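The values are calculated or read from the model by the stated rules, or taken from the named source; none is laboratory data. In this text, all values refer to a predicted model and were calculated from it rather than measured experimentally. Glycine also receives a Cβ, built like all others from the backbone with ideal geometry; neighbour counts cover every protein chain displayed.
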Amino acid sequence: MKPILTTKTVKVYTCPHCEDDFSSKSEVVSHIDTCKLYITKANATQKLKAELSDIQKTSKSVHEFIVGLVDAFAKVDVHITFTEYPSSYGRCSNSHSSPKGYKTCWGEGDLETPKYYPGWHGIWKGHITIGDGNPLNFDKFEMSTISQFIPAVKTGSGRPGQNFEISGVLFLYDFDAMHEEYLKSGKLVTTYCQEYEDTVKRYFERYDNLKNTVILNNDELKEISNLILKLNKYKDQLNGLQTKYTSHLTAEFNKNYGIKFPTPPSAFLKVNEKYKTRIQETQTYPTHDDTNIHNELKVLVESVNNQIKVMSKYIDRFPENFV
């Protein structure tokens, strides 16, 4: 019987920077501290972030910032060409991002946080070329990667690859020199007023909603509203009864007046149309007896009196509401 051959799997640990292999985790960890590629990448990253931060602080226009950003990345062999960038100044939504040190605002419930901040919105559009000698050792570099080095560059939805077209924002508050320029020129006054107006509108919308909810659910007010509905119903019934009884009394008067108006010739009515209705009114007689009228009035008066008693009891129960 032939012996069974077995193979032993050896786990290899690879340096993520230079890709050298090691037999243990401790060896690769120890190696990373002295890895030349890692040190070079760390130094280049630190230097690039510092330069971009300085550009962000000192740029006095968006164009100046973009030029500085492109030049800074070119020094690490990452070549960015912008054919379009955010340049429309106005109020920029802070639902997904915000300037450093400022809050985002997701919903209507947050009355303390503005829904917008001043800045430039638009599209990031262009392409990126990565050189072989880039010290950051990039295999892939996209438009969204820029934000890792300078968070003030905000990206949204779209195509973020090396040939990019993606929505974006630059908030004014992230750029010290530009912010100062806008303060001096007074351009921020309008923006501040708009932000405050939005806050005031949201405050009063919430105030009115809560006020109406509290007031309309008040038990005493509900009782008063019910009384008003009943009284209005009685009022409508009284108005109808008044009209009905007026018609009845008019007919009774015509019946008892005693003087019958002679039937006018048709030629007269053609010439004097206005008298036709009046003549017809004097010839109108009752179509119902007065007993029904009195009964209806009696029932209605009793209903009103009963309701008055209910209201009086309510006043006795809650006298503090009628002080």
Q. Within the stretch 100-121, is there a residue that is among the hydrophobic types (A, V, I, L, M, F, W, C), surrounded by fewer than 13 Cβ atoms within 10 Å (Cβ to Cβ) and closer than 30 Å to Lys201 by Cβ?
A. yes
Q) Any idea which of Asn218, Asn239, Asn254 is more than 26 Å from the chain's Cα centre (by Cα) and surrounded by 14 or more Cβ atoms within 10 Å (Cβ to Cβ)? A) Asn254
Q: Could you please give the count of residues in the stretch 91-106 that are modelled with pLDDT under 85 and under 13 Å from His121 (Cα atoms)?
A: 0
(Q) of a type in the set (A, V, I, L, M), modelled with pLDDT of 65 or more and touching a Phe, Trp or Tyr at 6+ places or on another chain (Cβ under 6 Å): which single residue out of Leu69, Leu52 fits that description? (A) Leu52
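Here's the yes/no breakdown for (1) modelled with pLDDT of 75 or more; (2) in contact with a strand residue (DSSP E or B) (Cβ under 7 Å, 6 or more places away or on another chain); (3) in a helix (DSSP H, G or I):
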| residue | (1), (2), (3) |
| --- | --- |
| Ile224 | yes, no, yes |
| Gly240 | yes, no, yes |
| Phe261 | no, no, no |
| Tyr275 | no, no, yes |
| Thr291 | no, no, yes |
| Glu296 | no, no, yes |
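Which one of these is more than 18 Å from Asn232 (Cβ to Cβ), at pLDDT 70 or above and β-branched (Val, Ile, Thr): Ile308, Ile315?
Step by step, each of Ile308, Ile315 is checked, and only Ile315 is more than 18 Å from Asn232 (Cβ to Cβ), at pLDDT 70 or above and β-branched (Val, Ile, Thr).
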Q) Does the stretch 171-184 include one or more residues that are modelled with pLDDT of 85 or more, outside any helix (DSSP H, G or I) and assigned by TED's automatic domain parsing to the domain that holds Gly126? A) yes
(Q) Being part of a loop (DSSP other than H, G, I, E, B) and either more than 26 Å from Ile39 (Cα to Cα) or within 32 Å of the chain's Cα centre (by Cα) (or both): is that true of Gly101 here? (A) yes
